[in-house]
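J.: The following block contains the structure, expressed as structure tokens.
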Amino acid sequence: MTKILIIDDHPVVREGMAAMLENESDFKVVCAAQSGAEAVEYIKHKGAPSIVISDIRMPGMDGFETLEKMKRFVPDIRVLMLAGMPLKAEEERAREAGARGYLPKSIDWERLVSAIRLAADGGEFLSDDFDEAKPGPLSAREMDILKYVAQGKTHEEIGIIHDISAETVRTHMKSILRKLDSTNAPAAVSRAYELGILRA
């Protein structure tokens, strides 16, 4: 029996994944934690499951810090990391940190189940979904601008904060919309929350 610990701060994602995994005859979800801290406490007191499935972008303790702290109690713990918006550099960091896999949250169910079984058996499952032809990840400036847009600030206000023109802010927003496949600013903000790029 493959014992699974899920970590995700979004209740719908966490509970939905737990319910679906329980439908697999050889899977048992032993804990569905809402934070890295809760997961570390579980492992500290009850030991390691067969596999941990962890969101990366979480408030407080992110997936990498969670993995580091879990390894203090179980050095060879097996962890699959999930990302709303997969980044090649992040995958490399996950590999270096000792994760058994790095996968997009959009992965189809059969591949996720295969990844869980493989990682639980000691193998590795690293994403092959990265396409360099696709728009790249948001830059630090774009992330900053998107955060201010989410706060309701205008292009002019953001321009004053960064000492750039409102037109330059608009240019950055066009790039943000393209990268997030959105038609307007509210849709981009909504998409960023959905992907875990922005947090409430």
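The values are calculated or read from the model by the stated rules, or taken from the named source; none is laboratory data. Just so it is clear, the model here is predicted, and its values are computed rather than measured. Note that we place each Cβ from the backbone using ideal geometry, even for glycine, and neighbour counts take in every protein chain shown. The accessibility values were calculated without ligands, DNA or RNA, using every heavy atom of the protein model including side chains. Shrake-Rupley method; radii C 1.70, N 1.55, O 1.52, S 1.80 Å.
J.: Just subtract the alpha-carbon distance of Ile160 and Glu22 from 0.36 nm times their residue separation and send over the number in nm, one decimal.
T.: Going from the current span to full extension adds 44.5 nm.
J.: For Ala120, what charge total do you get from the other residues with a beta carbon under 10 Å from its beta carbon, if Lys and Arg give +1 and Asp and Glu give -1? Let's see the in-between values first.
T.: On the way: positive: Lys3, Arg78, Arg100, Arg117; negative: Asp26, Asp121.
So the surrounding residues net to +2.
J.: Express the Stokes-Einstein translational diffusion coefficient of the chain in µm² s⁻¹, to the nearest whole number, given a Kirkwood radius over alpha-carbon pairs, 4 °C and a viscosity of 1.567 mPa s.
T.: It diffuses with D of about 72 µm²/s by this estimate.
J.: Give me the Å³ per residue figure for the convex hull around the C-alpha atoms of segment 11-88.
T.: Per-residue hull volume (Cα only) is 105 Å³.
J.: Could you tally the net charge around Arg199, taking each other residue with its Cβ under 13 Å from the Cβ of Arg199, Lys/Arg +1 and Asp/Glu -1?
T.: With Lys, Arg at +1 and Asp, Glu at -1, the net is -3.
J.: What 222 nm value per residue comes from the helices of the chain, counting each DSSP H run with n ≥ 4 as -39,500 (n - 2.57) and dividing by all residues, nearest 500 deg cm²/dmol?
T.: Calculated from helices alone, the mean residue ellipticity at 222 nm is -15000 deg cm²/dmol.
J.: Here is a further query. Using a 1.4 Å probe on the protein heavy atoms, what percent of the accessible area of the chain belongs to carbon and sulfur?
T.: 50 percent
J.: Sticking with this one: Using the alpha-carbon atoms, what tilt in degrees (0 to 90, nearest 10) does helix 166-179 show relative to the longest principal axis of the chain?
T.: 30 degrees
J.: Is the shape of segment 64-110 rounded, prolate or oblate, going by the alpha carbon gyration tensor and its root eigenvalues a ≥ b ≥ c, with a/c under 1.5 for rounded and a/b larger than b/c for prolate?
T.: In terms of gyration-tensor shape, prolate.
J.: Using the Kirkwood radius built from alpha carbon pairs, what does the Stokes-Einstein equation give as D for segment 25-143 at 20 °C and 1.002 mPa s, in µm² per second?
T.: It diffuses with D of about 144 µm²/s by this estimate.
J.: Can you tally the net charge around Ile7? Count Lys and Arg as +1, Asp and Glu as -1, for every other residue whose Cβ sits under 9 Å from the Cβ of Ile7. Let's see the in-between values first.
T.: On the way: positive: Arg14; negative: Asp8, Asp9, Glu38, Asp55.
Charge balance near Ile7 sits at -3.
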